[in-house]
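Following: one structure in structure tokens, then a few remarks.
What follows draws every value from the coordinates through simple rules; no lab data is involved. Values in this document were obtained by computation on a predicted structure and should not be read as measured data. Positions of Cβ are generated from backbone atoms using ideal geometry, with glycine treated the same way; all protein chains shown enter the neighbour counts.
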Amino acid sequence: MSKTKERIRESNLRYKQSLGQNFLYDEGLLAELTAAAGVTKDEDVLEIGPGCGSLTKHLCDAANRVLAVELDERLIPLLHAFLDEKKNLTVVQGDVMSLNLQEVTAELKKPFAVVANIPYYITTPLIKLLLGGDLPVSRLALMVQQEVADKILAQPGEDAWGPLSILCQFLCEPRLAVKVPAEMFTPPPKVDSAFVVLPVREKPAVEVKDRDLFFRVANAAFALRRKTMVNNLCATFRVDRAKAVEWVTGAGLDEKIRGEKLTLEELASLANVIE
Ligand code: SAM
């Protein structure tokens with residue numbers, strides 16, 4: 001058994017499945033993830049869900065400073081006991097989804113990287129929160145379920161292509177860094193995982209006049225699967241068919257095109273016509 005696994009076992013911690021507690025223990029893998037995240041001494045890192053501190057230790061060694069936000073109060077003394085000698089670490093107890101992250105990260109050098117083996121039950125809202133525009137983030141390097149990685153990396157027309165692909169590819173240049181089988185966690189989750197790295201683009205992948213409208217149009221594209229974009233626009237924007245056809249053809253698209261086939265560029269043209 002690895003030393004890290006032994007340490008986690010010795011803490012007599014009863015894993016909380018409800019908090020997505022699947023810990024990493026393989027030192028080789030932890031080093032690989034830290035390297036893939038591209039963390040350097042010039043940069044500060046926000047870690048979400050440090051757990052027992054296995055990844056945190058590597059991040060502290062690689063980064064300038066690490067701020068780790070952990071919800072489970074039971075883990076705070078374990079983290080302090082394990083990582084007390086890491087003078088560049090700050091641990092904050094709280095729920096990442098409800099803390100004021102601007103305040104919590106005020107002391108970090110900007111922009112900072114977010115590196116985490118996240119709890120899977122908050123994956124999509126967390127990515128939306130981190131990319132929402134309120135935080136100066138240079139990139140996200142996240143462990144996610146394989147199925148979510150497929151969505152983040154999907155291409156237009158593929159089954160996995162959807163609102164999450166559009167959000168991530170509009171704002172970032174996502175890539176798959178490491179595939180991680182379930183047995184690399186303790187306890188093992190039911191699904192395989194993937195570590196994905198999403199460097200934030202200097203400017204979005206396509207030019208849009210109104211970002212909120214662009215995302216409304218992107219969501220509309222998937223409102224009714226296998227329906228035409230015209231039908232989806234009618235349902236979402238409550239306009240008549242003639243208006244929706246005018247928008248779609250005005251963006252240079254076939255009026256029969258299905259929502260899920262639209263590329264980022266086509267969604268942007270459509271949003272700009274509607275605007
Ligand atoms: N980083 C550790 C590792 O890789 O071994 C633990 C990762 S584990 C998948 C997810 C961690 O996130 C757990 O420690 C869990 O308690 C914590 N967590 C769950 N929900 C959270 C939330 N809303 N805010 C902050 N941390 C949370």
| Max mean-square fluctuation residue, GNM over the chain, Cα-Cα springs under 10 Å, options Ser54, Ser165, Ser98 | Ser98
| request: Give the residues of segment 126-152 whose amide nitrogen is closer than 20 Å to a point set 7 Å from the Cα of Arg211 in the direction of its Cβ. | output: 126-141, 152
| request: Could you work out which residue, out of Pro181, Pro119, Pro163, moves most in a Gaussian network model of the chain, that is, has the largest mean-square fluctuation with Cα springs under 10 Å? | output: Pro181
| query | Between Glu246 and Glu6, what is the label-to-label distance in nm when each label sits 7 Å out along the Cα-to-Cβ direction? | reply | 7.4 nm
| said: With the crude spin-label approximation of a point 7 Å out along Cα→Cβ, what separation in nm comes out for Lys203 versus Lys256? | reply: 3.7 nm
| field | Footprinting exposure proxy for Met143, Met184, Met97 (fewest neighbouring C-beta atoms within 10 Å first) | value | Met97, Met184, Met143
| Gaussian network model of the chain, Cα springs within a sub-10 Å range: biggest mean-square fluctuation belongs to which of Gly162, Gly28, Gly51? | Gly28
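Can you sort Tyr15, Tyr25 by how many other beta carbons sit within 10 Å, fewest first? List each step's numbers first, then the result.
On the way: Tyr15 15, Tyr25 20.
Arranged by neighbour count, lowest to highest, Tyr15, Tyr25 become Tyr15, Tyr25.
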| HN-Hα J couplings of segment 168-182 from phi, Karplus 6.51/-1.76/1.60, θ = phi - 60°, integer Hz, Gly and Pro as x? | 5, 7, 5, 9, 9, 10, x, 9, 7, 9, 9, 8, 10, x, 4
| said: Longer than 27 Å from Cα to Cα, which of Lys128/Lys190; Lys3/Lys179; Lys109/Lys209; Lys179/Lys256; Lys16/Lys179 are they? Say none if no pair is. | reply: Lys109/Lys209; Lys179/Lys256
